[in-house]
Structure formats: C-alpha cells, structure tokens
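Peer 1: Quick one: the structure is below, questions incoming.
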Amino acid sequence: MSALSDLQATLDPSRKSWVESANDSTNDFSIQNLPFGIFSDASNAARRVGVAIGDEIVDLAVLQAAGLLKASASASAPTDVFSRDTLNDYIALGRDAWRSVRVQLSNLLARDTATLRDDAALRSKALVKQAGAQLHLPLQIPGYTDFYSSKEHATNVGSMFRDPKNALLPNWSELPVGYNGRASSVVVSGTPVRRPNGQLKLPDQERPVFGACRKLDIELETGFVIGRGNELGEPIACADAEAHIFGMVLLNDWSARDIQQWEYVPLGPFNAKTFATTISPWIVTLDALEPFRVAQPAQDPQPLPYLRHEGAHSFDISLEVRLRPQAASKTSTIALTNFKYMYWTMAQQLAHHTVSGCNTRVGDLMGSGTISGPTEDSFGSLLEITWNGKKPLELQEGGTRSFIEDGDELTLAGWCQGDGYRVGFGTCVGEILPARR
Ligand code: MN
C-alpha cells in the first residue's frame, strides 16, 4: 500500500480499537483521532509524549523503546523525541514523520493487531489511565498571535461599542485582523487563573482607578499550532499554508473587558489579555480533522489575490462553553456554536501573518478569535451573551451572571462527530481565583 492509502485507512470510520473505551461513539478519543500531548503519572514523574486513545494514554517512548514505533525514517533525526518534555522536537521532524507515526499507531491500536493487544506486560507499561495522569503544556510556544476572524463576533462588538449600522470597520472584510499576544502566559487546561488588577476607567470619573477587573470574560476560540515555520522574509502562500499546521487546540482567551476598554486605543489589547490564555492539553492533528473539512462562508468582497485559496478550508467542529459556580453541583451550558462559522480561514490567517515577511516557528500558537455563531445561544463570550452585562444570564442552579465571578469554573469543549466515532478535543478548563490585594 502507498503511504497515502495507509493514511486514508487511519480515517476509516469502521476501524475499531482493542482499547474498548475508544469505540464509544461519544468518546473524544477514537482510533480515528490520536491527538498528541505531554503527560506524566505517579509511576513516572518524567514528562513525555503521549497519544490519547479512549480513556487511556499511549506512552510513545515505551513503544519506541520496545521497537514498535519509529519517529522518523531519517538517519540524522533525533531518536528520543518521545522522551522530551514538549512536542516541539517531534513536530519539527515534519509532516512525513507525523503521518508515518499516525499510521504506525493506528495499526498498533487496531482491534485485529495482536502485537500490543496480546502482550500484557508491555501493555501495562505502554498504556496509562488518563484519570491517573497529569497533562502538561504540550509545547514550548515561541510566539502567540490572536486573530479576530468571526464576523458575528466582530459585528456584535462593533454594534455594542460603536455603531450597529457600521459595526464592521472597513479593514475587517479585507484582512484577518490580529494582534501579537503573549506566549509566556499560555497555560494548560486545569491551571487556575487569577483575576487581574489594572486600570479601570469608570464612566463618572475623569481619571482611572486601580483595582480588580470587574468584567472578567472568556473568549471561546480554537488555536492552531505551527508545524513547519518559515524563514524571515519568506511569506507562506495561502495555498501552502495548511501544510505548515500541525494541529488544533481549544483556546480560552481570558479577557478583562473593563481594562481592555480603557487601554486598547490606539495599539490594541495589552494587559486585558496578557494575564492568561488557556489551551487544551491534546493537539488534534489536521490529518485527523480531514473528514470534517467543510467550506468556509462565502467571502464578499473577494479577498486580494494573496488571500485567495481554492476549495474548502474550514472544519465542522462543535463547540460548547460551560460555567460552574464554586461548589455548585450543576453546570450550565452557556454557549453552543461551531468553528465552521469563522469568516477567515486558518490558511488565510497564516498567509496574512507572513505576507510581510514575518517568520513563524515550530510551536507558535495562533488563536482563531472569538467564535460566535449567528444566534444568541451561539455567542462565544459573556460580553455578547449578556450584551455587556445588560442581559444577565440565568444559571442552572439559580443565580445569574453578567461576567465571571471568583470561584467560577469555565470549560470549553469541542468535537467532530463522525459516523459512530468522535474526533474530540477534550476540555479546556480554568477556575478563577480572587485578585491579589
Ligand atoms: Mn481573542
């Protein structure tokens, strides 16, 4: 079989695993998924590369040591990439290696493959229960950029703060608006987030006050991870851009709306965004997302030539936001939407980002921008859901929210639903701690 038909076989909806939990049609981590992360556990505190399958994690370093997995066919490639504490060195091996590893893993975990299935001693070393493992930030992130590419979100924000009749600024339909974010404060799901302090400009006072953010918000986003960088001065063409993407994560771009509103003129957000950005621990590869590829919305006006690409460049990814107040037993679903509503594609974002000659590096993180759908129950931020606090949200357990309160736990979830299987992202969770005094 050719490499491409081997890759195609990993996407076969009828393929099942001997890891039975992976065959549940609502488990995020089917054998069709095989997302990458960094984990450790009680028996081995060393951080290492794992792939999620059902309720388990496959330890790739163990498989490699047993001679069952080869990271790269190249003799000059490093041989210990699965024992590293980030995915960067594995990702740097390139797309042929990612695809070869995907094929090898899919074959090893397939129901009819006895090699690992019937080797109890090796299986007990190579499979770790997710419930007992700790997941870490999977990347060393050289740079983080955040876009603003949902037309619905940009229209809502423009209507709220400027003019409903001219909600979109003239540049919005011509380019994927973005800003350079802060890579140092990207944290993995489960890391508590402290409410930031900063300058707040109250409407009835001439000068700002200093204090804790009163309008703390989420932004429901996805992020994509650069798998192959570009040299300084060498733009990435829109048609080539997807080949530079390793995969996607869920991303919560925590936002302090009151700090943002005062500070953002004229250079864009700063402290309102730099205190934390949470990503999900599992990176779902673009190869696993392939069956869920769908067309992006029609773009009018037609983009300038450097932003044009043929064909379908979006993905059908269901997205959900949940809120649970501290000690509450009930979780409220506060938004349900889909990645496919995004106006600008990841390929267009990357082409625009590099058209100036700006270089990108393996591990760079690119946020989609808040993903809002067309209806009120599909908005991706509390700013929009409560219309800047004017329409408080009713919670399941009683009580309301305009913005996030201390102790609230916010969860993003995302998944592609296939026929009998799921390619899911798991969750992206953060609990808010009170501000420092
Ligand atoms: Mn954002």
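Peer 1: Identify, by number, the condition in (1) open to solvent by less than 30 Å² (accessible area, probe 1.4 Å); (2) within 30 Å of F210 (Cβ to Cβ) that V423 doesn't meet.
Peer 2: The number of the failed condition is (2).
Peer 1: Another question, then. Residues that are surrounded by fewer than 20 Cβ atoms within 10 Å (Cβ to Cβ) and either touching a residue at least 24 places away in the same chain (Cβ under 8 Å) or small (G, A, S) (or both), at least 1 per element: which strands (runs of 3 or more DSSP E) completely within the stretch 27-98 meet that?
Peer 2: Once the strands (runs of 3 or more DSSP E) in the stretch 27-98 are filtered for at least 1 residues that are surrounded by fewer than 20 Cβ atoms within 10 Å (Cβ to Cβ) and either touching a residue at least 24 places away in the same chain (Cβ under 8 Å) or small (G, A, S) (or both), what remains is 36-41, 44-53.
Peer 1: Here is a further query. Take the residues of the stretch 258-273 that are in a helix (DSSP H, G or I) and within 12 Å of the ligand (Cβ to nearest atom): which is most open to solvent (accessible area, probe 1.4 Å)?
Peer 2: Across the stretch 258-273, the extreme among qualifying residues is Q260.
Peer 1: Here's a follow-up. So, V423, is that one under 23 Å from R195 (Cα atoms), assigned by TED's automatic domain parsing to the domain that holds R293, away from the ligand (no atom under 16 Å from the Cβ) and not in a loop (DSSP other than H, G, I, E, B) or not?
Peer 2: no
Peer 1: Of everything in the stretch 338-376, what is in a loop (DSSP other than H, G, I, E, B) and of a type in the set (D, E, K, R)? Give them in sequence order.
Peer 2: Result: R361, D364.
Peer 1: Can you tell me which residue is surrounded by the fewest Cβ atoms within 10 Å (Cβ to Cβ) among those in the stretch 363-406 that are among the aliphatic types (A, V, I, L, M) and closer than 21 Å to D253 by Cα?
Peer 2: The extreme case among them is L393.
Peer 1: Quick one: which of V157, V128 is within 16 Å of the ligand (Cβ to nearest atom), at pLDDT 95 or above and open to solvent by less than 40 Å² (accessible area, probe 1.4 Å)?
Peer 2: V157
Peer 1: Exactly one condition in (1) within 16 Å of the ligand (Cβ to nearest atom); (2) surrounded by 17 or more Cβ atoms within 10 Å (Cβ to Cβ); (3) under 30 Å from N88 (Cβ atoms); (4) within 20 Å of the chain's Cα centre (by Cα) is not met by P138; state its number.
Peer 2: The single condition P138 does not satisfy is (1).
Peer 1: Filter the stretch 218-254 for residues that are surrounded by fewer than 24 Cβ atoms within 10 Å (Cβ to Cβ) and touching an Asp or Glu at 6+ places or on another chain (Cβ under 9 Å) and give the result.
Peer 2: G229, A239, G247
The values are calculated or read from the model by the stated rules, or taken from the named source; none is laboratory data. What you are looking at is a predicted structure, and each value in this text was computed from that prediction instead of being measured. Using ideal geometry, Cβ is built from the backbone for each residue, glycine included, and neighbour counts are taken over all protein chains shown. Each accessible area value is taken on the protein alone, full model and side chains, heavy atoms only, with ligands, DNA and RNA left out. Shrake-Rupley method; radii C 1.70, N 1.55, O 1.52, S 1.80 Å.
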